[in-house]
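What follows is a set of notes on a single structure, which appears directly below.
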Amino acid sequence: MEKIKLKAVCAVLLALILIGAVFAGIGAGTIISDKKYTKTAESVVAFVSSIKQEDGSRKYTLYYNAEGKTFEPEYDFNEEEDYIGRDIRVYYTKGAPDKIFIETEEKFYIFLYAGLAIAVVSAVILGAVWIPVEMRKYIIKNGKTELVRIEKIVDVIGGEKILCESKKIRGRNAEPYKSKTVKQKLPKEIINSAVTVYYLPEHKSFYYIDTDTIKTGDKAK
């Protein structure tokens, strides 16, 4: 059941990374494309003279002069703020001043930053979930085993952990070995019992305590 849950969590996180990447890609692609266009396009300042609202949509009328002519096109800014009376810089391709372009709308920056945030946060969480599981598999497959004595049980967020002595296999700074979090209540009787620890001989600070191997009543050798 735990493996199924882990796979489901990883699948959701991978999907979020993909969604975030898509949003960021849309935002970045639009912004880059717009920046390239504005560097080579002609530009003029237009005055927003009026607004027309029909069937829930809003169309602003822009007034400007370009290439010896006056233009009054309509434009929807897709934002709630009022643009009446404002000066807006518009861009157009030379020879087609009636087809205007306005600098990248704020929503594409939102796409970019929100997409990046979703992708990065999901990737960090995925790493925090997936890396320990893969590391545990590697240690079990390539490491050595030893029985060690359980010294105490400590309360942690989400359950309990067991602390084991490290005299036989010195861990990092000779600290006690700590198990993964156990969600159910552990009986006090397991103190001084033996449990199996998997460790890498060349890197003894990388280890895994298999709480399923607790041998009640047996002393660690």
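The values are calculated or read from the model by the stated rules, or taken from the named source; none is laboratory data. Computed from a predicted structure; not experimentally measured. Cβ atoms come from the backbone with ideal geometry, glycine included; neighbour counts cover every protein chain shown.
Of the residues in region 1-60, how many are aromatic (Phe, Trp, Tyr) and out of contact with any Leu (no Cβ under 8 Å at 6 or more places or on another chain)?
So in region 1-60, the residues aromatic (Phe, Trp, Tyr) come out as 23, 37, 47, 60.
Going one step further and asking which of them are out of contact with any Leu (no Cβ under 8 Å at 6 or more places or on another chain), we end up with 37, 60.
Result for region 1-60: 2.
If I ask for residues that are among the aromatic types (Phe, Trp, Tyr) and either surrounded by fewer than 16 Cβ atoms within 10 Å (Cβ to Cβ) or outside the structural domain of GLY95 (by TED's automatic domain parsing) (or both), which ones from region 49-70 would you list? So that I can check it myself, show each step before the final result.
Filtering region 49-70 down to residues among the aromatic types (Phe, Trp, Tyr) leaves 60, 63-64.
Within region 49-70, just TYR63 meets the criteria.
If you scan region 177-200, which residues turn out to be more than 20 Å from ILE131 (Cα to Cα) and of a type outside the set (S, T, N, Q)? Talk me through it step by step, then tell me what you get.
Quick first cut of region 177-200, residues more than 20 Å from ILE131 (Cα to Cα) only: 183-196.
If the condition is that a residue be more than 20 Å from ILE131 (Cα to Cα) and of a type outside the set (S, T, N, Q), then LYS183, LYS185, LEU186, PRO187, LYS188, GLU189, ILE190, ILE191, ALA194, VAL195 are the ones that fit.
Yes or no: region 177-190 includes at least one residue that is touching a strand residue (DSSP E or B) at 6+ places or on another chain (Cβ under 9 Å) and at positive phi.
No, there is no match, as no residue in region 177-190 is touching a strand residue (DSSP E or B) at 6+ places or on another chain (Cβ under 9 Å) and at positive phi.
Just give me the residues in region 27-46 being surrounded by 14 or more Cβ atoms within 10 Å (Cβ to Cβ) and hydrophobic (A, V, I, L, M, F, W, C), in sequence order. Please lay out each step first, then the result.
Taking region 27-46 as the starting set, the residues that turn out to be surrounded by 14 or more Cβ atoms within 10 Å (Cβ to Cβ) are 27-28, 30-31, 34, 37-38, 41-44, 46.
Across region 27-46, the qualifying residues are ALA28, ILE31, ALA41, VAL44, ALA46.
Name the pairs: first residue in region 146-160 and in contact (Cβ under 8 Å) with a residue 24 or more places away in the chain and assigned by TED's automatic domain parsing to the domain that holds ASP210, second residue acidic (Asp, Glu) and in a strand (DSSP E or B), Cβ to Cβ under 6 Å, at least 6 apart or on different chains?
Pairs found: ILE153/GLU160.
Report the residue count in region 23-65 for those that are within 18 Å of THR93 (Cβ to Cβ), touching a Ser or Thr at 6+ places or on another chain (Cβ under 9 Å) and at pLDDT 90 or above.
Residues in region 23-65 being within 18 Å of THR93 (Cβ to Cβ), touching a Ser or Thr at 6+ places or on another chain (Cβ under 9 Å) and at pLDDT 90 or above: 1 in total.
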